[in-house]
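Notes to accompany the following structure.
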Amino acid sequence: MNLKEFTSVYLPLLEQKLRDKVKGESPLFSALQYSLFPGGKRFRPLLVMATTHTLGREVEKSLDVAAAIELIHSFSLIHDDLPGMDDDDFRRDKPTLHRAFGVGVAILAGDALFNLSFSTIVESSLSPYQKVEILKIVTRALGVEGVIGGQVEDIAIEKEEKDLAKLKKVYALKTAALIRASVECGGIIGEASEEEKVNLRNFGENLGMAFQIMDDVKEAEEGKTPRYPDFPAILGIKEAREKGRVFGRKAVKYLEIFGDRGKLLKEFVDIIIS
């Protein structure tokens, strides 16, 4: 099964799971639905499911955790867009949540998604051991050594600052951490060996770096101006693209342990670096 076929089968199941999680007619539920639908690429939850599939386990077992990862991602975007953060007016071609519903509701909607993600993991049909391991992975990816720490670093970057080392740190924490966690969670559900877990973690880390750099390249090619100098602004589009591809090639190396089973995960890399 290639990635296109995999997505056509399992993405509708994920979408239904997400809709079931935010059923309701109150203003808060309206805000949650607004933030989740229509969604983006669902890149992170697809990684959870694809990793589970790569390890030979039933993909349906990973649906709750995949949904939880998307709830977390949506929470991070809502808070990232707030006036005290990036102060963005649009997300996915429509007004950001705080523009549509107000700052107070946006903050609380983000908090609600964050809380809902953890209850979704805890209430899943996974074993107690798997739930604890996944909660460890997720909390590490979100905390001071992950998304929250990355957002603090992001805020601290000066508008004209050209510091590639600092930029890499922001990317590793703010973007790559949750992508890595998505792969690691799939590894826990798929009952990966210790060696496989290490390779999956390194795969996810490098995939996350490639993802963010190539996203910068795409925006630079579209003529968008970054908030502060990013990889294309510092290195130029051509060299930045090559940096992204270097991380992509590193990611693929860590899939060699899986042989032909790694083809599905390799497609995630191919899509990003092309």
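The values are calculated or read from the model by the stated rules, or taken from the named source; none is laboratory data. On a predicted model such as this, the values are computed, not experimentally measured, just so you know. No Cβ is skipped: glycine too gets one built from the backbone with ideal geometry, and neighbour counts run over all protein chains shown.
Key figures for this structure:
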item: Whichever residue in segment 81-132 is in a helix (DSSP H, G or I) and among the acidic types (Asp, Glu) and, among such residues, is surrounded by the most Cβ atoms within 10 Å (Cβ to Cβ); result: Asp81
item: Pairs where the first residue, in segment 122-145, is under 12 Å from Asp64 (Cα atoms) and the second is in a loop (DSSP other than H, G, I, E, B) and modelled with pLDDT of 95 or more, C-beta under 8 Å, 6+ apart; result: Lys131/Ser124; Ile134/Leu126
item: Residue satisfying condition, being out of contact with any Phe, Trp or Tyr (no Cβ under 8 Å at 6 or more places or on another chain), small (Gly, Ala, Ser) and surrounded by 16 or more Cβ atoms within 10 Å (Cβ to Cβ), within set Ala156, Ala176, Ala181, Ala165; result: Ala181
item: Residues satisfying the stated conditions in segment 133-151, i.e. acidic (Asp, Glu) and surrounded by fewer than 15 Cβ atoms within 10 Å (Cβ to Cβ); result: Glu145
item: Sole exception among (1) within 19 Å of Asn115 (Cα to Cα); (2) surrounded by fewer than 22 Cβ atoms within 10 Å (Cβ to Cβ) for Ile78, by number; result: (2)
item: Residue ID - modelled with the lowest pLDDT, chosen from residues in segment 226-242 that are part of a loop (DSSP other than H, G, I, E, B) and surrounded by fewer than 20 Cβ atoms within 10 Å (Cβ to Cβ); result: Arg227
item: Members of segment 18-42 found to be under 23 Å from Ala181 (Cβ atoms) and surrounded by 18 or more Cβ atoms within 10 Å (Cβ to Cβ), listed by number; result: Leu18, Lys21, Val22, Leu32, Ser35, Leu36, Arg42
item: Any hit, segment 59-80, residues being farther than 28 Å from Ile148 by Cβ, without any contact (Cβ under 8 Å) to a residue 60 or more places away in the chain and assigned to a helix (DSSP H, G or I); result: yes
item: Flag for Lys4 being surrounded by 16 or more Cβ atoms within 10 Å (Cβ to Cβ), at pLDDT 95 or above and of a type in the set (D, E, K, R); result: no
item: Members of segment 55-79 that are out of contact with any strand residue (DSSP E or B) (no Cβ under 9 Å at 6 or more places or on another chain) and closer than 30 Å to Lys224 by Cβ; result: Ala66, Ile69, Glu70, Leu71, Ile72, His73, Ser74, Phe75, Ser76, His79
item: Any hit, segment 177-194, residues being over 15 Å from the mean Cα position of the chain (by Cα), among the basic types (Lys, Arg) and part of a helix (DSSP H, G or I); result: no
